[in-house]
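Engineer: This is the structure I want to talk about, given as structure tokens.
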Amino acid sequence: MNAEIVGITAGILSCTTFLPQVIKTIRSGSTRDVSLIMFIIASLGTILWLAYGILINSISIIFTNCIVLALSLLMLYLFYRYRKAE
């Protein structure tokens, strides 16, 4: 099996990991059950994966981690936005 196919498949799955939480948070307007520390750690880990992808010039790692980072940062934004309202 081609390594890039495995990387892209793993990347697609990784991209979807935060999507359900983001959708649920937007729909409910609440971050009451969201772990802030988990999203901070996930964002930092994703930044490191992105840096690694850039260093080894892997399009699949760069692309997927940009999406995961965007979702993580969106979730952090929603956390602070909705916490002020609660």
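Engineer: For the range 1-27 and the range 67-81, what is the separation of their Cα centres, given in Å?
Structural biologist: 15 Å
Engineer: Sort 21-29, 59-67 by packing, meaning the average of other beta carbons within 10 Å per residue, with the highest value first.
Structural biologist: Ranking the peptides 21-29, 59-67 by packing returns 59-67, 21-29.
Engineer: How large is the helix-only mean residue ellipticity at 222 nm for the chain, computed as the sum of -39500 (n - 2.57) over DSSP H runs with n ≥ 4, divided by its residue count, in deg cm²/dmol to the nearest 500?
Structural biologist: Mean residue ellipticity, 222 nm, calculated: -28000 deg cm²/dmol.
Engineer: To continue, here is another question. Report, in degrees rounded to the nearest 10, the 0 to 90 angle that the Cα long axis of helix 3-15 makes with the longest principal axis of the chain.
Structural biologist: Once rounded, the angle reads 0 degrees.
Engineer: So how much slack lies between Val6 and Arg27, counting 0.36 nm per residue of separation and subtracting their Cα-Cα distance, in nm?
Structural biologist: In short, 4.3 nm is gained.
Engineer: Just name one of Ala42, Phe79, Phe63: the one whose Cα is farthest towards the positive end of the charge dipole of the chain (beta-carbon charges, Lys/Arg +1, Asp/Glu -1).
Structural biologist: Positive-most Cα among the choices belongs to Phe79.
Engineer: Quick one: putting +1 on the C-beta of Lys and Arg, -1 on the C-beta of Asp and Glu, what dipole do you get for the chain around its Cα centre, in Debye to the nearest 20?
Structural biologist: 400 debye
Engineer: How much of the pair distance distribution for the range 3-85 lies past 16 Å, counting alpha-carbon pairs only, in percent?
Structural biologist: 52 percent
Engineer: A further question follows. Per residue of the range 31-48, what does 6.51 cos²θ - 1.76 cosθ + 1.60 with θ = phi - 60° give for ³J(HN,Hα)? Whole Hz please, x for Gly and Pro, Karplus curve as stated.
Structural biologist: Here the 3J(HN,Hα) series is 10, 4, 9, 9, 8, 4, 4, 5, 6, 5, 5, 4, 5, 5, x, 5, 4, 5 Hz.
Where a number appears in this text, it was derived from the coordinates with a stated rule and is not lab data. Note that the structure is a prediction, hence the values are computed from the model and not measured. All Cβ positions, glycine included, derive from the backbone under ideal geometry; neighbour counts span all protein chains shown.
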